Amino acid sequence: MRLFLTSLLVLFTFTVVAQKKVLDHKDYKNWNAIKSQKISSDGNTIMYLLEKGEKDSHLKIKNNKAQFIFEHERAENPIFANNAKQVLFTVKPWKDSIKELKRKKVKKDKLPKDTLAIYTFKSKELLKISNVKSYKIPKKEDGFVAYLLEDIKAVKKEKDTSKKEEKSKKTKKAKKVGKDNGYHLVLRDLTTTKQDTFKFVTNYTFAKEGKQLAFITTGVDSTVNAGVYVLNLENKQLTHIFKANKKTKYYQLNFSDSGKNLGFVADLDTTKVQVRPNELYHWSQGDTNAKKMLDAANAPKGYRVSSDGGIYFSKDESKMYFGLATPPIVKDTTLLDEEIVNVEVWTYNEPRLYTVQEMQVKNDTRKSYTTTIHLATNKLVQLSSTAYPNVRIGDEGNAEFALVNNPEPYLLESQWTGNSAKDYAIVNTNTGAVTKIFDKMSGRISLSPKAKYAYGYNSVDSTWFAFNLVTKKMTNLTKGKVFYDELNDAPVSPRPYGSAGWTEDDASILLYDRYDIWEFNPENGSSKKLTNGRAAKTSYRYIKLDREERFLDKKNKWLLYTFNETTKNSGYFEFNPKNNKGKQLLFDAYDFSEPIKAKDSDKVLFTKQTFEVYPNIIYSDLSFKKQTKISNANPQQSEYNWGTAELVNWTSLDGDALTGMLIKPENFDPSKKYPMIVNFYEKSSDGLFRHKAPSPGRSTISYSFYASRGYLIFNPDVNYKIGAPGESAYNCVIPGIESLIEKGFVDKDNIGVQGHSWGGYQIAHLVTKTNIFKAAESGAPVVNMVSAYGGIRWWTGLSRQFQYEHTQSRLGGTPWEYPERYLKNSPIFNLDKINTPLLIMHNDADGHVPWYQGIEFFVSLRRLGKPSWMLNYNEEPHWPLKMQNRIDFNIRMQQFFDHYLKGAPMPVWMKKGVPAIEKGINQGYELLPDSK
């Protein structure tokens, strides 16, 4: 009897396992992704969005016991309001319904508009307001909401007015609502539900902390006077602070944090002159009218008030910051198109390459130079200028000094160095005096929170430093110490590990080495180590729980993130800066997220994930002892074959100990032989515990998808030698594959390889050196480093030279310095040695790698008669972004690998292609049964 029951149990278990489904492309739409996690200030309410299949989002609101409070479909941008008494969110039209309306040729302005939804927890009431163009709430005094309506009928509905004699008038007014005339602004008190409507508003803003609302109206209706208004939200006093004509244009409307000061730029000129006579205005609480502070007549010589420079105030509200601009280049508007010379003039010694200038024309046109006005004296001090165009303002605008820089002298050489060197100076915000402090400083330089120091990392000598702005004392903090990337394998100065920040009053700065946190005195460079991670190869990093935190408070305990280099385990560590001691709170075989803390309590949200475990939301406090799982995003995963992830180790041909990830199918049997796909870039093993949800990836295989279908996936880390990137890849990847073959479960005759961009290049190189791969997909590859060296990265306009001389391509010099390196590492010169069928994907709008590299690759393989196919997704960039193209790419890649590695029939597109006349009509997915 016992034997019978045991046999029955085994049979039942086998049946359950056998019933599990295999992932297919149609399953992508069933997978959910968690977005917009938020926790209320008291820590008792949690909300998040669940996006299904990259389409519509579903709002979920739960209490701290994971019990549902409220949910709503098609929701986006949820925010807590009115001290978490309410939730505001946008209700979007169904994406599929919009698609169907577009199919019916419905015009854009006739498509359904967004709806603002307000849910009140106490009453459980849901208010929906249709046709909302935008809405805002104050950042801190959040008892109000203001929103613009695209349809006046919605105002009528909200007011519930039904006087027939007013209907025709309101209909006429509704026709005037729009981009030029403005929209109707509704202000709603979230507590009392009372509301006011202001007509034909083009812009509006709340004060961050004070109860003030400012808005601009065009006054196109005779009942509304045009101009700028300020509404006191406490006493409801409405002040018309600036009166102007209906055609006046306004820019940069902004309050100080308290709402006691307001600034804006106005253009009162109704003509079409190219040089706009902008004027700067300031209003102070208690004033009846805004005061003109600056116009063209009294602006600094060679400058004018900018409409693009942001207006903001110092925290102490003594200074108003705004932008000045140089005069625009005036066009001759009388010329006809056939009279305009249309030529690009590229000059060898101009700072920016012409292609970079083209990409930055808009920014150049809108360039402004930060200036301040001292409100007590009306004194103007220009901080940035054409001599030093970039500025950092310190201590929330209160600082005596500002840090300015100029990269222009070094822009030309950055074309090949990739280094962003700058000259730095400090400007006295009271006097305007400029003092130069650094020449050709490489690396990012910042101001300490109280702006007592300029500090940063000098990449030339790999040293952190602090510069006292008052005494002008320079202190090298890490000279002779290793606070930079110990594993740097590129011909470029190593990057720093970073900084945790400063302590109160700029007393000390905390810097990272590879594993630990160190505290440095910025005046004398003395230091002490706060953690002890090096021996165990565990790194410690500070977690900033308060997004508005300006310094690390040594009176409170700190939460640190820990990560072990060897096991890839991670967790949280509590550190007490009072005694420099701490304890590990959580440490396990997961990838833990950075917690989200409630503003007024110690409650947090966090996630933990592995290849098998989706990063669902977990609720806890800062002890992490009691944990409550809040979400269950993808319960359907249990219905599918999945897989596992583990670390594997081997030795490279150069003698380096290496690590990689191996993904195994569910119910892996070491006595069986499995087909394997190798996928790699540089180093990925630190991501061992990252979850891989099935999705139509834009450039790489879906690990869970292929594991579900019985594939092994191997992702090896690569160490690089300068001048030999291709050989480095071979020396690391091939021994890793061979070490797995020796284990007996890899089908050595059915191994594929796939990668994109830098990975695509390495694959193109590998298949010229080995026949170990039966099939290869190479996405956006560089196959000719000589021609690519002279190419352009079209998304930025940058020359590609720096990439080969100093960064990822790692050749360490120019083609005329090291011609052999360029030839040896260019697969194009060895394509006749390829015996591996190749699928290439390279898109014609690629802004990273010139797509002619893919063409060079394909036409050469075609010339040689090598089995090869090339996919070009028209007008797509470095990777296909449109969903239909991503799914297509994944279908074709799966069919390609299934044919070569599993013996599946060849699809029509591989056998016969897809003729241009059939593009977009017939995809050729059909399998030909006699083509194995």
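Just a few scattered comments:
- Taking a Cβ cut-off of under 11 Å around HIS842, the surrounding Lys, Arg, Asp and Glu residues balance to a net charge of -4, with basic ones at +1 and acidic ones at -1.
- Where only C-alpha atoms are counted, convex hull volume of the stretch 185-306 per residue in Å³: 110 Å³
- Karplus-derived 3J(HN,Hα) values for the stretch 798-812, using 6.51 cos²θ - 1.76 cosθ + 1.60 with θ = phi - 60°, are 6, 5, 8, 4, 4, 5, 8, 7, 9, 10, 4, 6, 6, 7, x Hz; glycine and proline are entered as x.
- Descending by average beta-carbon neighbour count within 10 Å, the peptides 227-238, 587-598 line up as 587-598, 227-238, the highest first.
- For the stretch 582-676, a simple Cβ point-charge model (Lys and Arg +1, Asp and Glu -1, everything else neutral) yields a dipole of about 380 debye relative to the Cα centre.
- Net charge dipole size for the chain [Lys, Arg +1 and Asp, Glu -1 on Cβ; Debye, nearest 20]: 3300 debye
- Amide hydrogen neighbours beyond the local backbone of THR429, cut-off 5 Å, H modeled: PHE401, ALA402
- Fraction of accessible area attributable to carbon and sulfur, the chain (%, probe 1.4 Å): 51 percent
- 3J(HN,Hα) along the stretch 534-544, derived from phi through the Karplus expression 6.51 cos²θ - 1.76 cosθ + 1.60 where θ = phi - 60°, amounts to 5, 4, 8, 6, 10, 8, 10, 9, 6, 9, 8 Hz, with x in place of Gly and Pro.
- Values of log10 I(q)/I(0) for the stretch 417-469 across q = 0.13, 0.16, 0.21, 0.27 Å⁻¹ run -0.33, -0.49, -0.79, -1.14, by the Debye formula with one identical scatterer at each alpha carbon and no solvent.
- Cα lying deepest toward the dipole's positive end in the chain, options PHE587, TRP94, LEU647, charges on Cβ: TRP94
- 13 Å beta-carbon shell around ASN872, net charge (K/R +1, D/E -1): -3
- Straight-line cross-link partners of LYS473 among the lysines, defined as a Cα under 20 Å from its Cα and at least 8 positions apart when in the same chain: LYS422, LYS436, LYS440, LYS450, LYS452.
- Under conditions of 25 °C and 0.890 mPa s, the stretch 270-409 yields 140 µm² s⁻¹ as its translational diffusion coefficient, taking Rh as the Kirkwood radius over Cα pairs in the Stokes-Einstein equation.
- Selected from TRP879, GLY813, ILE828, residue furthest toward positive end of dipole (the stretch 807-932; charges at beta carbon): ILE828
- Rounded to 5, percent antiparallel among DSSP beta bridges of the chain: 90 percent
- The stretch 756-825 - Debye-derived log10 I(q)/I(0), Cα point model, q = 0.18 Å⁻¹: -0.71
- Inter-centroid distance (Cα atoms) of the stretch 772-791 relative to the stretch 101-144, Å: 48 Å
- Dividing the mean sequence gap of close Cα pairs (under 8 Å, 6+ apart) by how many residues the chain holds gives a relative contact order of 6 percent.
- Cα centroid separation - the stretch 30-69 against the stretch 197-232, whole Å: 34 Å
- Mean Cβ neighbour count within 10 Å, used as a protection proxy, ranking 490-498, 850-858, 292-300 highest first: 850-858, 490-498, 292-300
- Protein heavy-atom accessible surface, 1.4 Å probe, per residue over the chain: 48 Å².
- Couplings 3J(HN,Hα) for the stretch 109-125, derived from phi with the Karplus relation 6.51 cos²θ - 1.76 cosθ + 1.60 (θ = phi - 60°), are 6, 9, 6, x, 9, 6, 10, 8, 10, 10, 10, 9, 5, 5, 8, 6, 8 Hz, where x marks Gly and Pro.
- Options (1) 0.98; (2) 1.06; (3) 1.23 - which one matches Cα Rg over 2.2 N^0.38 Å as calculated here: (2)
- Within the stretch 231-311: Cβ-based charge dipole about Cα centre, in debye rounded to nearest 20 (Lys, Arg +1; Asp, Glu -1): 300 debye
The values are calculated or read from the model by the stated rules, or taken from the named source; none is laboratory data. Only a predicted model underlies this, so the values are computations on that prediction, with no experimental measurement involved. With ideal geometry, Cβ positions are generated from the backbone for all residues, glycine too; neighbour counts draw on all protein chains shown. Surface accessibility is based on the protein's heavy atoms, side chains included, excluding ligands, DNA and RNA. Shrake-Rupley method; radii C 1.70, N 1.55, O 1.52, S 1.80 Å.
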